[in-house]
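The values are calculated or read from the model by the stated rules, or taken from the named source; none is laboratory data. Here the structure is a predicted model, which is why all the values come from computation and not from measurement. FYI the Cβ positions are ideal-geometry reconstructions off the backbone, even for glycines, and counts take in every protein chain you see. To get the accessible areas, we keep the full protein, side chains included, count just its heavy atoms, and leave off ligands, DNA and RNA. Shrake-Rupley method; radii C 1.70, N 1.55, O 1.52, S 1.80 Å.
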Amino acid sequence: MKKILYVIVLLLFIALFGCNKNNNNELTVIGTDGSTGSTEKTVKNNVNIKTLETIDYAGYQKILQDNKGKVVLLNFFGSWCAPCKAETPDFIEVYEKYKDKNFVIIGLAVDNNVNDAVKFVNNFGVTYPVYQASEDLIKYFRVGPIPTSLLFDKNGKYLDQFIGYMDKSIAIQIAELGGK
């Protein structure tokens, strides 16, 4: 009985805090003026990209090498994922505040259609680097529910994995590791 209860709680957790590729949830937010709307409408610094470069394992290693000396947060996300939509504005804010303090966020889209990922990036005005993750890279990291974020230290050493929505306070704590 305990095993069944454990499995039910685990499945409920994944359902609440993770997405799969068939989830098309919209997240409604209330603006400061009292208006409501999809978080996809939140646009800050629109970068207007046209496409995303697809990276594989070798590309990921190059990214870590290029960012040696920085704490790296790799964030696997999907354009349809409600928790991804919820955490992206906070990620942008944290990245902008800490990008000059040895910290970087790298977005890795898992969308089947790169145009959906491009629309997501443009709609949110994502300012941190974003790539399309190859299927091999997704399999290498065994990414299941998204968002999934991986944390690497300043030497490129893997430290931890976070599955599901990442609260802004956790993102700030991670970013502050760059200054230490």
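Data overview
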| item | result |
| --- | --- |
| Filter pass, GLY144 being within 15 Å of the chain's Cα centre (by Cα) and exposed (fewer than 15 other Cβ atoms within 10 Å of the Cβ) | yes |
| Failed criterion for TYR165 (all others in (1) modelled with pLDDT under 95; (2) open to solvent by 70 Å² or more (accessible area, probe 1.4 Å); (3) over 20 Å from GLN61 (Cβ atoms) hold) | (1) |
| Filter result (under 12 Å from VAL130 (Cα atoms) and in contact with a helix residue (DSSP H, G or I) (Cβ under 8 Å, 6 or more places away or on another chain)) within region 55-72 | ILE55, TYR60 |
| Residue identified as buried (at least 19 other Cβ atoms within 10 Å of the Cβ), of a type in the set (Gly, Ala, Ser), under 18 Å from LYS62 (Cβ atoms) and modelled with pLDDT of 95 or more among ALA171, ALA133 | ALA133 |
| Among the residues listed as ASP136, ASP100, ASP116, the single one being acidic (Asp, Glu) and either in a loop (DSSP other than H, G, I, E, B) or free of Cβ contacts under 8 Å to residues at least 24 places away in the same chain (or both) | ASP100 |
| Residue, nearest to GLU93 (Cα to Cα), within region 147-162, restricted to residues that are of a type in the set (A, V, I, L, M, F, W, C) and open to solvent by 30 Å² or more (accessible area, probe 1.4 Å) | PHE162 |
| Members of region 62-84 that are among the charged types (D, E, K, R) and in contact (Cβ under 8 Å) with a residue 12 or more places away in the chain | LYS68, LYS70 |
| Residue in region 52-74 that is within 11 Å of the chain's Cα centre (by Cα), at pLDDT 95 or above and of a type outside the set (Lys, Arg) present | yes |
